[in-house]
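*Asks:* I'd like to ask some things about the structure below.
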Amino acid sequence: MVQLSKALAMESVRWAFRCGSWSPSCSEWLLAARCVQKEEKDRIDQFVFAKDAKSAMAGRLLIRKLIAEKMGIPWNEICLQRTAKGKPFLANEVYCSSQKQYTFNISHQGDYAVLAAEPLLQVGVDVMKTVQPGSSTIADFFRIMTRQFTDHEWKVIKSAGTEWTQLDMFYRHWALKECFIKAIGTGIGFNLQRAEFHVAPSHIHVGHMYRETKMCLDGEEEEGWAFEECMLDSHHHVAVALGKPDGPSQKLDDGLLNPTPSQFITLSFDDLVASAIPMTEEDHEYWVGFQSKQEAPGRQRTSSS
């Protein structure tokens, strides 16, 4: 049983797609639309900005790719539904006892959509891009967010160096809190100060995956959770929360964790749809609607044929 657990732990999935630099052609966008369920296609079409539509589409394609390639359910037979809190889940019944089961979570923010999946553990993932806060100064932004972090966390954030480095450390902490909340499925209403993170190492670098950060829950070190962190590039933090399916009351066994944290693999659009089986007819009006969207607030899209 121990050997089986170790083998399964090696099958962690970490995928990223850079939707911020994706300028889909007509054929790509229409193919993508044919490869998601109709209700999701319609929901994606409701986004005002192309940036959000692309992120949402990438997220759905990532999930379907995981289920088709890792669980062996044909793409056109996958049925995704949402919980009352909006979290997507696989509604299909398991075909056979030997079929792998994965828990999965996605996040999209900044220029990336990411997916983390595990065969043995609860999982939550969050990606955050370090950006200058809207119209306020960094100092004012920190004052607004005071209640979201503990005194210890603010001390670490504000001792990080320049204002920009402090902001970067802020978003690192934010990604950690978000991935934990997503893993436990609590959502809005969870007091973020209950989960205090002790980040390590103090600096993380692009191309490396770390599993050194610890969390205290309600003042006690929590041994039922592990946290992985990386930088996708110089501006995007990703954090992954990993916990036992039966809850965090027991220590997380090393046998349940991949000995070496899995690196995020950046996928191309062709990778996203490699296993896809279109489910609907082509709808050219869907491309017309997409082309009419502004890329993002205050930013015009560049047209692609």
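*Asks:* Starting from the Cα-Cα distance between Gln294 and Thr137, subtract it from 0.36 nm times their residue separation and give me the gain in nm to one decimal. Spell out each step's value before the answer.
*Replies:* Details: separation 157, 0.36 × 157 = 56.52 nm, distance 2.68 nm.
Going from the current span to full extension adds 53.8 nm.
*Asks:* Continuing with the same structure: For the pair Glu220/Lys158, report the inter-label distance in nm, with labels modelled 7 Å from Cα in the Cβ direction.
*Replies:* Spacing of the two 7 Å Cα→Cβ label points: 3.0 nm.
*Asks:* Listed highest first by mean packing, meaning other Cβ atoms within 10 Å per residue, what order do 44-55, 173-184 come in?
*Replies:* On the way: 44-55: 18.8, 173-184: 22.9.
Highest-to-lowest ranking by the protection proxy: 173-184, 44-55.
*Asks:* Separate question: Tabulate in residue order the Karplus-calculated ³J(HN,Hα) for the stretch 269-283, using 6.51 cos²θ - 1.76 cosθ + 1.60 with θ = phi - 60°, rounded to whole Hz; enter x for Gly and Pro.
*Replies:* 4, 4, 4, 4, 9, 4, 9, 6, 10, x, 10, 9, 6, 5, 10
*Asks:* Could you check the spin-label model distance between Thr165 and Lys100? Points 7 Å from the Cα along Cα→Cβ, value in nm.
*Replies:* It works out to 4.1 nm between the two label points.
*Asks:* Let me ask something additional. Based on the Cβ-Cβ distance from Ile144 to Thr186, what FRET efficiency comes out when R0 is 22 Å, to the nearest 0.05?
*Replies:* Values: r = 22 Å, r/R0 = 1.01.
So, using R0 = 22 Å, E works out to roughly 0.50.
*Asks:* How high is the relative contact order of the chain? Use alpha-carbon pairs under 8 Å, at least six apart in sequence, and give a whole percent. Don't skip to the end; give the middle numbers.
*Replies:* Working: 535 pairs, mean separation 82.5, N = 305.
RCO, the chain: 27 percent.
*Asks:* Further question on the same structure: Please report how far the C-alpha centroid of the stretch 100-173 lies from that of the stretch 62-76, rounded to the nearest whole angstrom.
*Replies:* Cα centres, the stretch 100-173 to the stretch 62-76: 29 Å.
*Asks:* Rg/Rh for the chain to two decimals, with Rh computed the Kirkwood way over all alpha-carbon pairs. Don't skip to the answer; put the middle values down first.
*Replies:* Numbers: Rg = 19.8 Å, Rh = 20.4 Å.
The Rg/Rh ratio comes out at 0.97.
*Asks:* Another question, then. About its Cα centre, how strong a charge dipole does the chain have in debye, to the nearest 20, once Lys and Arg get +1 and Asp and Glu get -1 at the Cβ?
*Replies:* 340
*Asks:* Can you give the extra length, in nm with one decimal, that the chain gains between Cys26 and Arg82 once fully stretched, where that is 0.36 nm per residue apart less the Cα-Cα distance?
*Replies:* Working it through step by step, the gained length comes to 17.3 nm.
*Asks:* While we're here: Using a 1.4 angstrom probe, figure out how much accessible area the chain has per residue, in square angstrom, rounded to the nearest whole.
*Replies:* On a per-residue basis, the chain sits at 48 Å².
*Asks:* Which aspartates and glutamates, on any chain, are close to Lys177 with Cα under 13 Å apart, when same-chain ones fewer than 8 places away are left out?
*Replies:* In chain and number order, the partners are Asp126, Glu153, Glu196, Glu228, Glu229.
*Asks:* Next up: Calculate one ³J(HN,Hα) per residue across the stretch 132-148 by plugging θ = phi - 60° into the Karplus curve 6.51 cos²θ - 1.76 cosθ + 1.60, and present them in order as whole Hz with x for glycine and proline.
*Replies:* The phi angles translate into 5, x, x, 9, 9, 6, 4, 4, 5, 4, 5, 5, 5, 9, 3, 6, 7 Hz.
*Asks:* Calculate for the chain the 222 nm mean residue ellipticity that helices alone would give, adding -39,500 (n - 2.57) per DSSP H run of length 4 or more and normalising by residue count, nearest 500 deg cm²/dmol.
*Replies:* On the way: 9 runs with 95 residues, N = 305.
Calculated from helices alone, the mean residue ellipticity at 222 nm is -9500 deg cm²/dmol.
*Asks:* I've got another one for you. Positive end of the charge dipole of the chain (Lys, Arg +1 and Asp, Glu -1 on Cβ, about the Cα centre): tell me which of Ser107, Met145, Gly124 has its Cα farthest that way.
*Replies:* The residue sitting farthest along the positive end of the dipole is Met145.
The values are calculated or read from the model by the stated rules, or taken from the named source; none is laboratory data. These numbers were taken from a predicted model, which means no experiment stands behind them. Positions of Cβ are backbone-derived with ideal geometry, glycine not excepted, and every protein chain shown enters the neighbour counts. Calculation scope for accessible area: heavy atoms of the full protein, side chains included, ligands and nucleic acids excluded. Shrake-Rupley method; radii C 1.70, N 1.55, O 1.52, S 1.80 Å.
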